[in-house]
Amino acid sequence: MTSTAPAPASTGTATAPIAAATAPATTAPTATTPAQAASAELERRIARDPGSFRVLTGDRPTGALHLGHYFGSLLNRVRLQNLGVDVVVLIPDYQVITDRDTAERLGEYTDGLLLDYLALGLDPARSTVFCHSAVPALNQLMLPFLSLVSVAELNRNPTVKDEIAHSRQSTVSGLMLTYPVHQAADILSCKGNLVPVGRDQAPHLEVTRTIARRFNERYGDVFPEPETLLSAAPLLLGTDGTKMSKSRANSVPLGATADETARLIRGATTDADRHITYDPDTRPNVSSLVLLAALCLERDPHEVAAEIGDGGAAVLKRTVTDAVNGHLAAFRARRAEYAKDLPYVRSVLRAGNERANALAEATLDEVREAMGAFR
Ligand code: TRP
């Protein structure tokens, strides 16, 4: 891959499963919840006027992106970009130290994220990738924003409470308690008005909306109240049956080799019933594997399960392995090409940081102007 010719990764096989995985308007089940209905309506507005939306989203650089990210959020970003939405992707490096003492593999993980984004088809000519630590104006917004939320509100955030409960650290840092405010700065520094999230991030979006509203009420209209685009993607479990996670070594990294993929899937937890079915409520582990194969093959999970039938876990795992390796082959080839040109890959982040700085500085100027008292 040369620096002047990024892979046109967003065409061809990589885009095919997007509709299946993420289009709520056409795949909405009959019992539509209010949140799903709202997301479907939002999708219609995006299709009508993509240029009026700016997405801000991101992935903490704490490990390799995996299949859960791929079907849950990454395909959706590329889809939005290709619709004409301005997609801004943050690598929130300062957020790494919310729940750990060191950020020692930050550079390596950041390179990995960039490789994944580019190989997926995130196009640096249209989309922006940047990191926290390169954008001082973003971080400065944290100060006025902190003044707009109460300690009681910070203490009530269910996602933060959950993270504190599961934290390996013995004490809770100030950054842990306030990182949803930092996320408000992430989103509002570039005036993002559309944030695609999984369910766990929804409380954070409420914090952002609250801060935007209170700032506007107190100092005058500066910020949009960002809208939440709920992910329609089904949840994939990790190979150990718990939530798939970057830092838990229970996932198949997108950049893994075909052999590593086979080994990881061979090690996945199943159950004692030899007959394979798709039954997410009663057989979560087996069903998650069936679902993964079905997503990769763009087929109905019940059909995939029925075909395996009495083949048991061995045939199931072979099916999943072949489906994943087949589906990701082109992506992995592009990723390997980009990996040969790290100077180019890193230049994408540098250019993104520049644009993010320009956006955040303009916003900070408006904030100071609105507040009147600061220079
Ligand atoms: N907290 C998010 C996560 O762990 C990452 C993130 C940081 C983010 N800032 C954000 C997501 C702003 C959306 C918007 O996945």
Q.
Suppose every Lys and Arg Cβ carries +1 and every Asp and Glu Cβ carries -1, with no other charges. What dipole size does the chain come out with about its Cα centre, to the nearest 20 debye?
A. 320 debye
Q) Quick one: of the DSSP bridges fully inside region 19-171, what percent are antiparallel, nearest 5? A) 0 percent
Q: Go ahead and estimate [θ] at 222 nm for the chain from helices alone: -39,500 (n - 2.57) per DSSP H run with n ≥ 4, summed, over the residue count, rounded to 500.
A: -17000 deg cm²/dmol
Q) For region 227-245, list residues with backbone N below 13 Å from a point placed 7 Å from the Cα of residue 41 toward its Cβ? A) 228
Q: Could you calculate the FRET efficiency of residue 162 with residue 307 from 1/(1 + (r/R0)^6), where r is the beta carbon distance between them and R0 is 30 Å, rounded to 0.05?
A: 0.20
Q: Could you grab the Rg to Rh ratio for region 171-217? Cα atoms only, Kirkwood for Rh.
A: 0.99
Q) Which three lengths, in whole Å and largest first, does the chain cover when its Cα atoms are put on their principal axes? A) 72, 48, 46
(Q) Placing unit charges on C-beta atoms (Lys and Arg positive, Asp and Glu negative, everything else neutral), compute the dipole magnitude of region 287-359 about its Cα centre in debye, rounded to 20. (A) 580 debye
(Q) Taking 30 Å as R0, compute the FRET efficiency from the Cβ-Cβ separation of residue 235 and residue 333 and round it to 0.05. (A) 0.60
**Q.** Packing rank of 247-258, 203-214, 264-275, where each peptide gets the mean count of other beta carbons within 10 Å, highest leading
**A.** 203-214, 247-258, 264-275
Q: Arrange the following residues from fewest to most other Cβ atoms within 10 Å of their Cβ: 287, 52.
A: 52, 287
Q: Excluding residue 368 itself, calculate the net charge of residues whose Cβ lies under 12 Å from the Cβ of residue 368, where each Lys or Arg counts +1 and each Asp or Glu counts -1.
A: -3
**Q.** Relative contact order (percent, whole number), the chain, Cα cutoff 8 Å, 6+ residue spacing
**A.** 23 percent
Q. For the residue pair residue 147 and residue 277, what label-to-label distance in nm results when each label sits 7 Å from Cα along the Cα-to-beta-carbon direction?
A. 6.1 nm
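Every number here is computed from the coordinates shown, using simple stated rules; none is lab data. In this text the structure is predicted, and so the values were computed from the model without any measurement. Here Cβ is always computed from backbone atoms with ideal geometry, including for glycine, and neighbour counts include all displayed protein chains.
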